[in-house]
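Asker: Have a look at the structure that comes next, please.
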Amino acid sequence: MTTVTSTGRGLLPTAEPLALLTAAGEPVAAPALPMPGDEVLLDLHRRMVLGRRFDAQATALTKQGRLAVYPSSRGQEACEVGAVLALEDRDWLFPTYRDSVALVTRGVDPIETLTLLQGGWHLGYDPYEYRVAPQCTPLATNTLHAVGLAHAARYQGEDSVALVLLGDGATSEGDTHEALNFAGVWQAPVVFLVQNNGYAISVPMSKQNAAPSLAHKGIGYGVRSELIDGNDPAAVYATVRDAVQAAREGGGPTLIEARTYRIEAHTNADDANRYRDPAEVAYWLSRDPLDRLEAYLRSRGLLDDARRDAVLAEAEAFAAKVRDGMNADVEPDPAELFEHVYAQPTPALREQAAQLAEELR
């Protein structure tokens, strides 16, 4: 059976990325997607401002030694925020290490979000409280987790959908292909959002993929695919929202490739000047997702200086909260090394804990 999206297409993605707003923030002529409502657009703008300020603060904390590492998502806010806002509370998010802004947008406490990157815990938040899986550091392993949870949830009579975030490099991993195959066979309620930011660390797309697009990878598994402008917040929200709704109604999985760009280096340990031209970065800066949405909102009379200043002030207060929380010195309890390893501690684990306690005494 061929599943058709609300835009009238089947499995094949479009030749060019779908969009609702041009890089200048002007409406696209004859769009194939529905424009989100005004309140949604204003919320997208607010969350993107907060997310960008959070990202800048986390980058600064890394330089100050408060975080061990931080993979910035500057430039990818349309994907991070637009996709998460398209979810319902009952849905699940499966993020990667670069998706801290997505976690904050989902409502995860910012200090708990950064616990992994600080080196405190493998997971600093309760995944069941927020319906957010642990941030995935090994490439693509979260794709299989998302498909498994979505498939199991349907067996249990739930109507939740799993959204899994991955990068272009993860599409070269076997786990992604296995996940797409299982999702297609089971018609699992899962949405794959590939944030194609141009590089797998330093490996460009030209050395990773020979297909017309990463979205084409879904066709071989019977998974309908979409290619979108990942710097268009309205298009990201509309496309993910449509895919989530289709999955919830039994329409099966969707693979979405969102073409975007990683403005900063891979992490603070990377020197991006060694493998990309500054002119390339300048080109993508001119396609900034936040500037694009703000231009559109101003043209519609939905955003003025006063409203923008209020959002910026909120973002500064949010950043101060993050800064204060991460600068607070916490004395770690060595006994916590043995917590959350197993649901029930094994004899060997209890023995090791006792040995450590004895040495500390």
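The values are calculated or read from the model by the stated rules, or taken from the named source; none is laboratory data. Computed from a predicted structure; not experimentally measured. Heads up, the Cβs are rebuilt from the backbone with ideal geometry, glycines too, and the neighbour counts pull from every protein chain shown. SASA here: full protein model, heavy atoms, side chains in, ligands and nucleic acids out. Shrake-Rupley method; radii C 1.70, N 1.55, O 1.52, S 1.80 Å.
Asker: Being open to solvent by 80 Å² or more (accessible area, probe 1.4 Å) and either small (Gly, Ala, Ser) or more than 26 Å from the chain's Cα centre (by Cα) (or both): is that true of residue 309 here?
Answerer: On the way: open to solvent by 80 Å² or more (accessible area, probe 1.4 Å): yes; either small (Gly, Ala, Ser) or more than 26 Å from the chain's Cα centre (by Cα) (or both): yes.
Taking the combined requirement at face value, the residue satisfies it.
Asker: Could you tell me whether any residue of the stretch 143-163 is closer than 19 Å to residue 18 by Cβ, in contact with a strand residue (DSSP E or B) (Cβ under 9 Å, 6 or more places away or on another chain) and either modelled with pLDDT of 95 or more or aromatic (Phe, Trp, Tyr) (or both)?
Answerer: Within the stretch 143-163, the subset closer than 19 Å to residue 18 by Cβ is 163.
Restricting the remaining residues to those that are in contact with a strand residue (DSSP E or B) (Cβ under 9 Å, 6 or more places away or on another chain) gives 163.
Right, trim to either modelled with pLDDT of 95 or more or aromatic (Phe, Trp, Tyr) (or both) and you get 163.
There is at least one residue in the stretch 143-163 that is closer than 19 Å to residue 18 by Cβ, in contact with a strand residue (DSSP E or B) (Cβ under 9 Å, 6 or more places away or on another chain) and either modelled with pLDDT of 95 or more or aromatic (Phe, Trp, Tyr) (or both).
Asker: Going by the structure shown, is residue 104 β-branched (Val, Ile, Thr), at pLDDT 95 or above, closer than 24 Å to residue 268 by Cβ and open to solvent by 10 Å² or more (accessible area, probe 1.4 Å)?
Answerer: Working: β-branched (Val, Ile, Thr): yes; at pLDDT 95 or above: yes; closer than 24 Å to residue 268 by Cβ: yes; open to solvent by 10 Å² or more (accessible area, probe 1.4 Å): yes.
Spelling it out, residue 104 is indeed β-branched (Val, Ile, Thr), at pLDDT 95 or above, closer than 24 Å to residue 268 by Cβ and open to solvent by 10 Å² or more (accessible area, probe 1.4 Å).
Asker: Let me ask you something else. Whether any residue in the stretch 296-303 is out of contact with any Leu (no Cβ under 9 Å at 6 or more places or on another chain), touching a residue at least 40 places away in the same chain (Cβ under 8 Å), exposed (fewer than 14 other Cβ atoms within 10 Å of the Cβ) and of a type in the set (D, E, K, R) is what I want to check.
Answerer: Within the stretch 296-303 (the criterion being out of contact with any Leu (no Cβ under 9 Å at 6 or more places or on another chain), touching a residue at least 40 places away in the same chain (Cβ under 8 Å), exposed (fewer than 14 other Cβ atoms within 10 Å of the Cβ) and of a type in the set (D, E, K, R)), the answer is no, since none of the residues qualifies.
Asker: Take the conditions under 24 Å from residue 196 (Cα atoms) and either touching an Asp or Glu at 6+ places or on another chain (Cβ under 7 Å) or aliphatic (A, V, I, L, M) (or both) and apply them to residue 67. Does it pass?
Answerer: On the way: under 24 Å from residue 196 (Cα atoms): no; either touching an Asp or Glu at 6+ places or on another chain (Cβ under 7 Å) or aliphatic (A, V, I, L, M) (or both): yes.
It is false that residue 67 is under 24 Å from residue 196 (Cα atoms) and either touching an Asp or Glu at 6+ places or on another chain (Cβ under 7 Å) or aliphatic (A, V, I, L, M) (or both).
Asker: Still on this structure, I have one more. Can you tell me which of (1) touching a residue at least 24 places away in the same chain (Cβ under 8 Å); (2) open to solvent by less than 40 Å² (accessible area, probe 1.4 Å); (3) not polar (S, T, N, Q) is the one residue 139 doesn't meet?
Answerer: Result: residue 139 passes all but (2).
For every residue, the table says whether it meets (1) within 17 Å of the chain's Cα centre (by Cα); (2) open to solvent by 50 Å² or more (accessible area, probe 1.4 Å).
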site	(1), (2)
57	no, no
60	no, no
63	no, yes
68	no, yes
73	yes, no
81	yes, no
86	yes, no
89	yes, yes
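Asker: A further question follows. Has the stretch 257-268 got any residue that is within 19 Å of residue 235 (Cβ to Cβ), among the aromatic types (Phe, Trp, Tyr) and assigned to a helix (DSSP H, G or I)?
Answerer: No: the stretch 257-268 contains no residue that is within 19 Å of residue 235 (Cβ to Cβ), among the aromatic types (Phe, Trp, Tyr) and assigned to a helix (DSSP H, G or I).
Asker: For the stretch 320-332, state whether one or more residues are assigned to a loop (DSSP other than H, G, I, E, B) and either touching a strand residue (DSSP E or B) at 6+ places or on another chain (Cβ under 6 Å) or surrounded by 12 or more Cβ atoms within 10 Å (Cβ to Cβ) (or both). Spell out the reasoning first.
Answerer: Filtering the stretch 320-332 down to residues assigned to a loop (DSSP other than H, G, I, E, B) leaves 328-332.
Those left that are additionally either touching a strand residue (DSSP E or B) at 6+ places or on another chain (Cβ under 6 Å) or surrounded by 12 or more Cβ atoms within 10 Å (Cβ to Cβ) (or both): none.
For the stretch 320-332, residues assigned to a loop (DSSP other than H, G, I, E, B) and either touching a strand residue (DSSP E or B) at 6+ places or on another chain (Cβ under 6 Å) or surrounded by 12 or more Cβ atoms within 10 Å (Cβ to Cβ) (or both): absent.
Asker: Residues being surrounded by 14 or more Cβ atoms within 10 Å (Cβ to Cβ) and under 22 Å from the mean Cα position of the chain (by Cα): count how many of those fall in the stretch 260-286.
Answerer: The total comes to 13.
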